[in-house]
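Input: a single structure, listed below in structure tokens.
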Amino acid sequence: MNNIIRYTSTNGRIVLPLTTETEDGNKIIYNTYKDGIGIITFRAELKTIPQELFRGSLTLETISIPSSVKMIDDNAFEKCRHLKKVKLQEGLLSIGERAFANTELENVVIPSSVFVVCKFAFSNCPNLTAVKVCKPKSACVIGKDCFSNSPTEIAII
């Protein structure tokens, strides 16, 4: 389903977003954590992870973004101190400024559909050692200092 975000968290706790509604009007209608997986369900197809939606979440460990999402807005996951894994799906078009800055991400695969990764998107990620960029379908712009202060090796696959 394209209106569901799946996640894991420390101690199996529900992760509470900073808001219950996205910029395109989709409201969270269900948020639960059961059998090791958290599920946040939105009212309709989710197209944008809004600005600062999960910013500063202290329990978020992994997140899987649905394929309907076209844009991860600025600071969406910034300062999620325990965020280690993110699954980005084909169809994603852009990753906002500081979207994953100051997290514990270990590796990232950027889908071929992405055409812009904004400045500082993955900055200050001390464990981010590998970024795989799937061969872009069109020109892909990587913003200034996108991986600053992150020990990142970038590979095109």
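The values are calculated or read from the model by the stated rules, or taken from the named source; none is laboratory data. Note that the coordinates shown come from a computational prediction; the quantities given were computed from them, not determined experimentally. Glycine also receives a Cβ, built like all others from the backbone with ideal geometry; neighbour counts cover every protein chain displayed. Note: accessible area is taken over every heavy atom of the protein model, side chains too, but ligands, DNA and RNA are not part of it. Shrake-Rupley method; radii C 1.70, N 1.55, O 1.52, S 1.80 Å.
With every protein chain in place and a 1.4 angstrom probe, the accessible-area ranking of Ile39, Ile142, Ile5, largest first, reads Ile142, Ile39, Ile5.
Just list whichever of Lys27/Lys84; Lys70/Lys132; Lys27/Lys85 have alpha carbons separated by over 21 Å in the model shown.
Over 21 Å apart, Cα to Cα: Lys27/Lys84; Lys27/Lys85.
Considering only protein heavy atoms and a probe of 1.4 Å, how much of the accessible area of region 1-125 is carbon and sulfur, as a whole percent? Roughly 49 percent, rounded to a whole number.
Express the Stokes-Einstein translational diffusion coefficient of region 82-130 in µm² s⁻¹, to the nearest whole number, given a Kirkwood radius over alpha-carbon pairs, 25 °C and a viscosity of 0.890 mPa s. Let's see the in-between values first.
Working: Rh = 10.9 Å.
Translational D for this selection: 224 µm²/s.
Let me know the whole percent of all Cα-Cα pairs from the chain that are separated by more than 28 Å.
Numbers: 1646 of 12246 pairs.
The proportion of pairs with Cα distances above 28 Å equals 13 percent.
Distance from the C-alpha centroid of region 1-61 to that of region 91-157: 22 Å, rounded to the whole angstrom.
Note on Asp145 and Asp24: their simple-model spin labels are 3.1 nm apart, each label 7 Å out from Cα toward Cβ. Restricting the count to DSSP beta bridges whose residues both fall in the chain, what percent are antiparallel, rounded to a multiple of 5? Antiparallel bridges: around 45 percent, rounded to the nearest 5.
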